[in-house]
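The values are calculated or read from the model by the stated rules, or taken from the named source; none is laboratory data. Treat the numbers as computed from the prediction; the structure is a model and nothing was measured. Cβ placement follows ideal geometry from the backbone for every residue including glycine, while neighbour counts extend to all protein chains displayed.
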Amino acid sequence: MSITGSIAGALGLTPARKVRYAFVGLGDIAQEAMLPGVAHTGNSEVAALVTGDPEKARALGARYGVSATYAYEQFGALLRSGTVDALYLATPNWRHAEFAVPALQAGIHVLVEKPLEVSLVQSRAILDAARASRARLMVAYRLHFEPATLATLDLVRSGQLGEILAFTSTFTQMVSPDNHRARSGVAAGPVFDMGPYPVNAARAVFGAEPTEVVSALGLRHPEAGLGDLDDTVAVTLRFPGSRLAQFVLSYVGNTLDTYTVVGTKGSVTVNPGYMYGKPLEQFTILGEERGHARFKNTDHFGGELKYFSDCILAERDPEPDGEEGYADVRVLDGIVRALETGGSVTLEPFARSRRIDTEAQEQTLPAVASPPLVAASNPGRGKDRVPKN
């Protein structure tokens, strides 16, 4: 931070400097959700674009006023340019370490989409690079900043539901056979693409780490044309204290994203619970009393970017850090092994040192409209995955 920025911080003023981001990977999530949210963060700007598609580079550069564009092969030149402070990394999951590790080694901050990676080895490589760097690493768990999610955690932590016994979830969408998720096997399948949502939510609700993948059942629907992957997966996880989490993921089901937390005194269901672009809703049963709350639709992506930039400018470690990402990959890896063996998988002991701070992390930036996509498509079969605003 500059001397001027340090003085401004000491006076309680907002630093004038903005964090300069390079967007690496310009697929549907970057175009539809993150790029449109940058302008109203107040502390972030797009300084460079990295893509393997010159058409995307030209069109999106013109749309957002970005003249610095790089091919993937030119990534090293970008890191040496001195023109960016941070990356937003939205490549396919299995390419995260490829870009995150050299960026962190170069002192460039990294906001990486979830999952952190698709293997424990690659995830550890990213963590090691972050620990050895002065740069900060955050995994893009946008729901860690979303009001309905945080209100649900507050309810669970308040004790009003009693002792928490179970977490159940269903997360389904119809994926087009033309989307890359249908052509890249397990690394792009529902376990790594959608699995982080219920795994992360269950870990947050229980405030603990699962000890065992009790079972994982994968099914394939040839008529869906989705290639060599389990398009539907059912999972049971064991948590300490005789608690269970169960969820179903699917690329062939009608869109549904919901989870329920059951305790000895009540329950709460969040439906919708994971998607962006629409208000999330909470349904409670406390004894015999039923309640319903509909939360305002917010910009999940602009909010998480604003938070990360705040952390960079204030030289503060973000909450959904690399360890949080690793905690989920640990479970996802166990699910894949259980699918392969057909049996249960005991997970290596792991303790998370930090949890979501519901007061400090809430972000309420208003939702923004999604623009037309350039040489990219939403994974949904013949329609958008989520409604536009």
Notebook entry, point to check: Within segment 150-160, can one find any residue that is in contact with a strand residue (DSSP E or B) (Cβ under 8 Å, 6 or more places away or on another chain), under 18 Å from residue 270 (Cα atoms) and polar (S, T, N, Q)?
Noted result: yes
Item checked: Filter result (closer than 20 Å to residue 136 by Cβ and polar (S, T, N, Q)) within segment 43-90 -> 43, 44, 81, 83
Notebook entry, point to check: Does segment 28-41 include one or more residues that are in contact (Cβ under 8 Å) with a residue 40 or more places away in the chain, outside any helix (DSSP H, G or I) and out of contact with any Gly (no Cβ under 9 Å at 6 or more places or on another chain)?
Noted result: no
Next item on the list: Can you confirm whether segment 132-143 contains a residue that is in contact (Cβ under 8 Å) with a residue 40 or more places away in the chain and closer than 20 Å to residue 294 by Cα?
Entry: yes
Notebook entry, point to check: What number goes with the only condition from (1) of a type outside the set (Gly, Ala, Ser); (2) part of a loop (DSSP other than H, G, I, E, B); (3) at pLDDT 95 or above; (4) surrounded by fewer than 18 Cβ atoms within 10 Å (Cβ to Cβ) that residue 363 does not pass?
Noted result: (4)
Checklist line | Looking only at segment 88-121, and only at residues there that are out of contact with any His (no Cβ under 7 Å at 6 or more places or on another chain) and either basic (Lys, Arg) or part of a strand (DSSP E or B) (or both), the one that is farthest from residue 313 (Cα to Cα) | finding: 95
Checklist line | One residue from 152, 168 being surrounded by 24 or more Cβ atoms within 10 Å (Cβ to Cβ), closer than 21 Å to residue 248 by Cα and at pLDDT 95 or above | finding: 152
Notebook entry, point to check: Of all residues in segment 245-288, which are free of Cβ contacts under 8 Å to residues at least 40 places away in the same chain and under 30 Å from residue 339 (Cβ atoms)?
Noted result: 269, 271, 272
Next item on the list: For residues that are hydroxyl-bearing (Ser, Thr, Tyr) and in contact (Cβ under 8 Å) with a residue 24 or more places away in the chain, tally how many sit in segment 144-167.
Entry: 2
Checklist line | Test: residue 208 is free of Cβ contacts under 8 Å to residues at least 40 places away in the same chain and either out of contact with any helix residue (DSSP H, G or I) (no Cβ under 7 Å at 6 or more places or on another chain) or crowded, with 23+ Cβ neighbours inside 10 Å (or both) | finding: yes
Notebook entry, point to check: Looking at segment 123-138, is at least one residue surrounded by fewer than 22 Cβ atoms within 10 Å (Cβ to Cβ) and within 26 Å of residue 232 (Cβ to Cβ)?
Noted result: no
